[in-house]
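For reference, the structure is listed below as structure tokens.
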Amino acid sequence: MKVVYLDHAATTPVRAEVIEAMLPYFRDKFGNASSVYGFGREARKALDDARQKTADILNAGFNEIVFTGGGSEANNLAIKGAAWEYRHKGGHIITSGIEHHAVLHPMQQLEKEGYEVTYLPVDDQGLISVEEFANAVREDTILVSFMHANNEIGVIEPIAQIGAITKERGILFHTDAVQAAGMLDIDVKKLNVDMLSLSAHKFYGPKGVGALYVRKGVRLVPLIHGGSHESRRRAGTENVAGIVGLAKALELADAEREAVVPKIQRLRDRLIDGILQIPNTRLNGSREQRLPNNINVSIEFIEGESLLLNLDLMGIAASSGSACTSGSLDPSHVLMALGLTHEVAHGSLRLTLGRDNTDAEIDYVLEILPPIVQRLREMSPLYSS
Amino acid sequence: MYSEKVMDHFQHPRNVGEIQDADGIGVEGNARCGDIMKIWIKVEGDRIVDVKFKTFGCAAAVATSSMITELVKGKTLDEAEEITNNTVAEALDGLPPIKMHCSNLAADALKNAIADYRSKLRTV
């Protein structure tokens, strides 16, 4: 059966060139980067090269990159690490209501510890208001965290503008750029951020490895205490192969971004336009301020999981904000934040493109989807034709 | 995650539709959880002679709806009322644990349809 993978926001395959770059560090060059002999020096060299490459792409310094065990850890380290370190300066934090759980849950933990967190709402397009943000800043605000691009609806937030304000006010600013990397420019100077999270498996690197940019001068209480790895910010023997893979994947993504993005964006626009031909559908999130690879639509009168399973039976891998697919009883907090009703949020479909998707695959989806929608609607008590 | 029987009923649901001159109609579920089932029954004497459903929901919700229509057709009202959500789930070779709570509501919808039928009888 034909298989069409349209869930690149969930994860991506590891590129052949990345696997190739990683392989030596599992067997022949297996050394511990902390050892003084040859094997160790070889591993150290690989780590240093990876750190420099990553720093160059972020327009950051060598010592400003901390490798972690993934995007969630990078977010946790940035948020909890900074909140704990700067507790003496104040206890107020600002974030948005549409952050990934790897940001929202650390925030909730900090609230239990006595911090006060403001969750800024977004407008019906999914955008944070810079003005509302400026009004939310207080004397005791120590940290701000807003995602660069949303994982569900692909909306790109005004990070640089917000960063201009935090800079002026001397407040630490973290951005979760896990979905943005590979698709958008993640120059930390242009973005005006103090911390930025990455996850390798979202840009054709391996799972279980991420990075956090931490601006020079920003101190963090580590989450993992132990050896002096990562300049005492993250203990544990470095995942050399994984880190090499992250850097290689990021290097490829950065080099090819300008060529790949227009191609993906054209496919995205074809898909959006094609799906919106179906009556009673809507695009979730801003069309203009949107990742080039994200499509999120609500298809009224039908439920997301039923739709996903039907698509899966036809070889199409997609995602939904329905409760049934989230493991909880409520639909996605992001879709609800846009002001969608429960039934419309349950009927959401997310398709996220990658570098290998083709026009023929878009044709296939646009051929398969309408009859599935029709069939599900005909059995829906909410639908009258 | 789903049994073969669930997938069979999900892909080929039995008795989808409405009964125009139904004797009882039952609804169960809510939009918040994402599962809403509506069931129509036709009764002759004390037997359910026809039954149809429409469901908005996940595969488990569709499959349990479809399964209950097969279980109750030809049954007396008293027999039909004894069917529980668990009976339906067992007839489908089980449901994933999280679905037992949110999407297993076909028996409740049927009970509502029978109650609707009985309340109409009383008012005639």
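Values computed for the structure shown
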read-out: Relative exposure of B:12, A:100, judged by other C-beta atoms within 10 Å (fewest first); value: B:12, A:100
read-out: Whole-Å distance, taken between Cα centres, linking segment A:34-89 and segment A:285-299; value: 32 Å
read-out: Whole-Hz ³J(HN,Hα) from phi, Karplus 6.51 cos²θ - 1.76 cosθ + 1.60, for segment A:250-264, glycine and proline x; value: 5, 4, 5, 4, 5, 5, 9, 4, 5, 7, 7, 4, x, 5, 5
read-out: DSSP-defined beta bridges in segment A:16-252 - what % are antiparallel, rounded to 5; value: 35 percent
read-out: Fluctuation leader among B:94, B:74, B:45 - chain B, Gaussian network, Cα springs under 10 angstrom; value: B:45
read-out: Amide H contacts of residue A:118 (H built 1.01 Å from N, under 5 Å, at least 5 apart or other chain); value: A:93, A:94, A:95
read-out: With Cα atoms, 0 to 90° folded angle of helix A:71-85 axis to chain A main axis; value: 50 degrees
read-out: Between 0 and 90°, nearest 10: helix A:101-112 axis offset from chain A longest Cα axis; value: 70 degrees
read-out: Between helix A:159-169 and chain A: long-axis angle, C-alpha atoms, 0 to 90°, nearest 10; value: 40 degrees
read-out: P(r) of segment A:16-252 over all Cα-Cα pairs, binned every 10 Å from zero, in whole percent; value: 8, 34, 35, 17, 6, 1
read-out: Phi-based couplings in Hz for segment A:356-370 (Karplus 6.51, -1.76, 1.60; Gly and Pro marked x); value: 9, 5, 10, 4, 4, 5, 5, 4, 4, 4, 6, 7, 7, 5, x
read-out: Beta bridges by DSSP in the protein assembly as shown, antiparallel share as percent, to the nearest 5; value: 65 percent
read-out: 28 Å Cα-Cα threshold exceeded, pairs from A:2/A:263; B:38/B:120; A:45/A:89; A:80/A:207; A:190/A:263; B:52/B:99; value: A:45/A:89
read-out: B:119, A:35, B:103 arranged by Cβ crowding within 10 Å, fewest neighbours leading; value: B:119, A:35, B:103
read-out: Estimated 222 nm signal from helices in chain A, with DSSP H stretches of n ≥ 4 weighted -39500 (n - 2.57), rounded to 500; value: -13000 deg cm²/dmol
read-out: Cross-link partners of residue A:29 among aspartates and glutamates (Cα-Cα below 19 Å; sequence separation of 8 or more within a chain); value: A:17, A:20, A:42, A:48, A:49, A:238
read-out: Vicinal HN-Hα couplings computed from phi for segment B:103-120 (Karplus, 6.51 cos²θ - 1.76 cosθ + 1.60; Hz; Gly/Pro x); value: 10, 9, 10, 5, 5, 5, 4, 4, 4, 5, 5, 5, 4, 4, 4, 5, 5, 5
read-out: Longest segment of chain A lacking chymotrypsin sites (Phe, Trp or Tyr not before Pro) that sit in a DSSP loop with at most 13 other Cβ atoms within 10 Å; value: A:38-385
read-out: Amide H contacts under 5 Å for residue A:68, placed H, 5+ residues apart; value: A:210, A:211, A:212
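All of the numbers you see were taken from the coordinates with simple rules; none came from a lab. Keep in mind the model is a prediction, meaning the values are calculated, not measured. No Cβ is skipped: glycine too gets one built from the backbone with ideal geometry, and neighbour counts run over all protein chains shown.
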